[in-house]
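Student: Pasting in a structure now, in structure tokens, and then I'll have a few things to ask.
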Amino acid sequence: YGLASTVTVPSNITIYGMDAVIYPLKSVGTMFHVKGASNVTFTGFHLSNSKDVALTQMILFENSKNCNLINFAALSVKNTSKAAIVINSGSSGINFRYCSFSAPENSGSNTVILHSGSNSTIHDCYFTHGTIGVHFSGGKNNKIYATHFDWFTTTALKFTNTSSAAMNHAISNCYFDINYLVALFDFSSTYNASVTMNCNTFRADGNVISQGQLPPVIRIKNGTNLSFTANVFEHPKAFVLEGSTTNVKIIGNASKGNLIASGSTASCTIENNAIRG
């Protein structure tokens, strides 16, 4: 189905797709705009920008709450100036379950999800290709679990501090496979992030390693109150700590090489980790 203009979605609406594919016919800016709405569900269909028209985002959740994307896919995610899915700071409870997001390899696409809202969950989903998987630019109490991130050329997860409040985000039981970075905590100044990453598996990009380039799995700049426990690092480098990064807990992880590739570990707790290889 070709979309010629933005669809504004009101409250208490479920859109069923029966495996249909919807694509923009022209530069509509936003394909679906959920504005000030609640109890909206997208399920059973795909969004695709296979014609490569210029978009701002595929779906925008603006000041909306308690919305769901279930058995939903965004394919050929490219040429979006913000992201495929944008969730603004006034939104909460935007939940993803059994979703798939992909971009053509080396498409130069941007972020899949740009998230500054709160109280959302992403679980049992698959993200592949593109530059950034999920960018948390604020918000609080968001969770990602049981999700697979694959082949992101910048980082699978990015955290920036556009909000002064602690994020309190939790990432657990996920599989990160062949990403340039797993997580980039890129804070402009000392920031109490309060993010936890537990029971995840981090697998390196073998092509990058074979070329002698060894980016860390996790890069932290100016972050405090971060916790990493019971993760597996299949990579010669685990952490790079930069700037005023303090109070990082790295406990009970297994690493294939250097647990701390570089940076100061002052005021950090590093204990009961297994180093092998």
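The values are calculated or read from the model by the stated rules, or taken from the named source; none is laboratory data. Keep in mind it's a predicted model, so treat the numbers as computed, not measured. Note: ideal-geometry Cβ built from the backbone for every residue, glycine included; neighbour counts use all protein chains shown. All accessible areas refer to the heavy atoms of the entire protein, side chains included, with ligands and DNA or RNA removed. Shrake-Rupley method; radii C 1.70, N 1.55, O 1.52, S 1.80 Å.
Student: Test of the criteria: in the stretch 40-87, which trypsin sites (Lys or Arg not before Pro) are in a DSSP loop and have at most 16 other Cβ atoms within 10 angstrom of their Cβ?
Tutor: Answer by residue number: Lys51.
Student: Between Ser244 and residues 5 or more places away or on another chain, which pairs have amide H atoms under 5 Å apart, with H built 1.01 Å from N, and which residues are they?
Tutor: Asn222
Student: Choose one answer from Ile15, Ile132, Ile260: the residue with the largest mean-square fluctuation in a GNM of the chain with alpha-carbon springs under 10 Å.
Tutor: Highest fluctuation among the options: Ile15.
Student: Measure off, as a whole percent, the carbon and sulfur share of the 1.4 Å-probe accessible area of the stretch 124-277, all protein chains present.
Tutor: 48
Student: Applying the Karplus parametrisation 6.51 cos²θ - 1.76 cosθ + 1.60 with θ = phi - 60° to the phi angles of the stretch 190-197, what ³J(HN,Hα) value in whole Hz is obtained for each residue in order, glycine and proline being reported as x?
Tutor: Each residue's phi maps through the Karplus curve to give 3, 9, 7, 7, 6, 10, 10, 10 Hz.
Student: To the nearest 10 square angstrom, what accessible area does Val232 show with a 1.4 Å probe?
Tutor: For Val232, the solvent-accessible surface is approximately 50 Å².
Student: A further question on this structure: I'd like the FRET efficiency for Tyr98 and Ser50, computed as 1/(1 + (r/R0)^6) with the beta carbon distance as r and R0 of 30 Å, rounded to 0.05.
Tutor: Working from the Cβ atoms, E equals 0.85.
Student: What is the Å³ per residue value for the convex hull set by the Cα atoms of the stretch 59-147?
Tutor: Per residue, the Cα convex hull of the stretch 59-147 comes to 74 Å³.
Student: What is the list of residues in the stretch 43-68 whose amide nitrogen lies under 18 Å from a point 7 angstrom out from the Cα of Ser27, following Cα to Cβ?
Tutor: Output list for this probe position: 49-59.
Student: Separate question: Choose one answer from Ile13, Ile94, Ile220: the residue with the largest mean-square fluctuation in a GNM of the chain with alpha-carbon springs under 10 Å.
Tutor: Highest fluctuation among the options: Ile13.
Student: Classify the stretch 122-277 from the C-alpha gyration tensor, please: rounded if a/c falls under 1.5, else prolate or oblate depending on whether a/b exceeds b/c.
Tutor: Note, shape of the stretch 122-277 comes out rounded.
Student: Carbon and sulfur atoms: what percent of the 1.4 Å accessible area of the stretch 3-100 do they account for?
Tutor: 47
Student: Enumerate the calculated ³J(HN,Hα) couplings along the stretch 130-137 in order (Karplus 6.51 cos²θ - 1.76 cosθ + 1.60, θ = phi - 60°), each rounded to whole Hz, writing x wherever the residue is Gly or Pro.
Tutor: Once rounded to whole Hz, the list reads x, 9, 9, x, 10, 10, 8, 9.
Student: Sticking with this structure for a sec: Where the only charges are on Cβ atoms (+1 Lys, Arg; -1 Asp, Glu), what is the dipole of the chain about its Cα centre, to the nearest 20 debye?
Tutor: 320
Student: Still on this structure: Hey, can you grab everything whose amide H is under 5 Å from the amide H of Ile22? Only 5+ residues off in sequence or another chain; H modelled, so Pro and N-termini drop out.
Tutor: His46, Leu47, Ser48
Student: Please check: in the Gaussian network model of the chain (C-alpha springs, under 10 Å), which one of Ser189, Ser227, Ser255 has the largest mean-square fluctuation.
Tutor: Ser189
Student: So, one more: Hey, can you find the accessible area per residue of the chain for me, probe 1.4 Å, expressed in square angstrom?
Tutor: 40
Student: Compare the Cα positions of Ile260, Phe187, Val232 along the charge dipole of the chain (+1 at Cβ of Lys, Arg; -1 at Cβ of Asp, Glu; about the Cα centre) and return the one farthest towards the positive end.
Tutor: Projecting each Cα onto the dipole axis, the largest value belongs to Phe187.
Student: Kindly write out, for the stretch 242-254 in residue order, the coupling ³J(HN,Hα) from the Karplus curve 6.51 cos²θ - 1.76 cosθ + 1.60 (θ = phi - 60°), rounded to whole Hz, with x marking Gly and Pro.
Tutor: 10, x, 9, 8, 9, 6, 9, 9, 10, 9, x, 9, 10
Student: What does DSSP give for the chain in terms of the percent of beta bridges that are antiparallel, rounded to the nearest 5?
Tutor: 0
Student: Next up: Kirkwood Rh, the chain, all Cα pairs: how many Å?
Tutor: Here the Kirkwood hydrodynamic radius works out to 19.0 Å.
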